[in-house]
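Structure provided below as structure tokens; questions to follow.
Each value in this text was obtained by applying a stated rule to the coordinates, not by laboratory testing. Bear in mind that the values here come from a model prediction, so they are computed numbers and not experimental data. Positions of Cβ are generated from backbone atoms using ideal geometry, with glycine treated the same way; all protein chains shown enter the neighbour counts.
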Ligand SMILES: [Zn+2]
């Protein structure tokens, strides 16, 4: 692989050996790549620049394998309020996990990178609850990643009065046509699902919802993610355990 300069955000880090750090960087031009930063800890003043969730300009050098070397990184934003809060950090970890599960390595997607950064920004600097950011990110990620649910009208009769959502089929049904596997949803949840999946990405958090609606949405979006990515996430279990504290 050749040398590249790209913006990117660190979505995973593992320290090893003499202060080295193995990173997964979600880059703009190459998607999620693996890169090693040698002596990450020794460069005291620069250590923060290779922390989990730091976003910045990377200069990466290619090598024979699929692991690149971080030659330099200039931090644009380290989203410190996320790293300093156990609940936000746990959510950041889960968001990174589902992003990797959906995209895999070397699969660039600028739209999903932007959605990820928007969610991270809201978590760090805006007065949005973790639950709201979580459900919105889950739904936006899935919609942008090829798993957009069909929410316009009842999948059977075409009625606009949707009352149930079939997670596996990714479709809504009215009261009369409700399939066995579909779960009932409130009118508020239906409106919110349509808004989140259909709105402009940068407006994805621009709606009001009370705690009951956020928790209904989370039950739906969480299951939607694990069903379609066909996977459970330890980081979700951990997030839940700290969210309840
Ligand atoms: Zn119907």
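Let me make sure I get this right: for the stretch 4-78, a, b and c are the square roots of the gyration tensor eigenvalues over alpha carbons, sorted descending. Under 1.5 in a/c it's rounded, otherwise prolate if a/b > b/c, else oblate. Which is it? Working shown, then result.
Values: a/c = 1.58, a/b = 1.12, b/c = 1.41.
Oblate.
Shifting gears a bit: Once you order the gyration tensor axes a ≥ b ≥ c over the Cα atoms, which shape class does the stretch 1-147 get: rounded for a/c under 1.5, otherwise prolate or oblate by comparing a/b with b/c?
Values: a/c = 2.05, a/b = 1.33, b/c = 1.54.
Taking the square roots of the gyration eigenvalues as a ≥ b ≥ c, the stretch 1-147 is oblate.
Further question on the same structure: Given contacts defined as C-alpha pairs under 8 Å and at least six residues apart, what's the relative contact order of the stretch 1-150, whole-number percent?
Values: 270 pairs, mean separation 32.2, N = 150.
Over the stretch 1-150, the number comes to 21 percent.
Okay, moving on. For residue 57 and residue 129, what does the FRET efficiency come to when R0 = 45 Å and r is the distance between their Cβ atoms, rounded to the nearest 0.05? Provide the component values of the computation, followed by the final result.
Values: r = 31 Å, r/R0 = 0.70.
My answer for the efficiency is 0.90.
So for the stretch 4-78: antiparallel DSSP bridges make up what percent, rounded to the nearest 5?
Numbers: 28 of 31 bridges.
Taking every DSSP beta bridge within the stretch 4-78, about 90 percent pair in antiparallel fashion.
Would you list 63, 54 from fewest to most Cβ contacts within 10 Å? Write out the running numbers ahead of the final one.
Numbers: 63 12, 54 22.
Least crowded to most crowded, the residues run 63, 54.
Given a Förster distance of 35 Å, report the FRET efficiency between residue 210 and residue 148 from their Cβ-Cβ distance, rounded to the nearest 0.05. Intermediate results must be reported in sequence, preceding the final value.
Numbers: r = 26 Å, r/R0 = 0.74.
Using R0 = 35 Å, I get an efficiency of 0.85.
Here's another thing I want to ask about it. What are the extents of the Cα atoms of the chain along their three principal axes, in Å, largest first?
Principal extents (Cα only, largest first): 64, 38, 29 Å.
Which value at 222 nm does the chain reach when only helices count, each DSSP H run of 4 or more adding -39,500 (n - 2.57), with the total divided by all residues and rounded to the nearest 500 deg cm²/dmol?
Details: 7 runs with 93 residues, N = 245.
That comes out to -12000 deg cm²/dmol.
What is the fewest-to-most order of 174, 157 by other Cβ atoms lying within 10 Å of their Cβ?
Working: 174 18, 157 11.
Ranking 174, 157 by Cβ neighbours within 10 Å, fewest first, gives 157, 174.
When N counts the residues of the stretch 115-245, how does its alpha-carbon radius of gyration compare numerically with 2.2 N^0.38 Å, as a ratio? Intermediate values should be presented prior to the final figure.
Values: Rg = 14.6 Å, N = 131, 2.2 N^0.38 = 14.0 Å.
Cα-based Rg divided by the globular estimate yields 1.04.
Need the full-extension length gain, residue 241 to residue 110, defined as separation in residues times 0.36 nm minus the C-alpha distance. One decimal, nm.
Residue separation times 0.36 nm, minus the Cα-Cα distance, leaves 44.0 nm.
Starting from the Cα gyration tensor of the stretch 72-152, take the square roots of the eigenvalues, sort them a ≥ b ≥ c, and report rounded, prolate or oblate (rounded when a/c is under 1.5, otherwise prolate if a/b is larger than b/c, else oblate).
Values: a/c = 1.99, a/b = 1.27, b/c = 1.57.
Since a/c reaches 1.5 but b/c is at least a/b, the shape of the stretch 72-152 is classed as oblate.
Under the 0.36 nm per residue contour assumption, what length would be gained going from the current alpha-carbon distance of residue 77 and residue 199 to full extension? Spell out each step's value before the answer.
Details: separation 122, 0.36 × 122 = 43.92 nm, distance 2.58 nm.
Difference between extended and current length: 41.3 nm.
Roughly what would the spin-label model give for residue 84 and residue 191, points 7 Å off Cα along C-beta, in nm?
Once both label points are built, they end up 3.7 nm from each other.
Going by how many other Cβ atoms sit within 10 Å of their own, how do 67, 25 line up, fewest first?
On the way: 67 14, 25 28.
Ascending number of Cβ neighbours within 10 Å: 67, 25.
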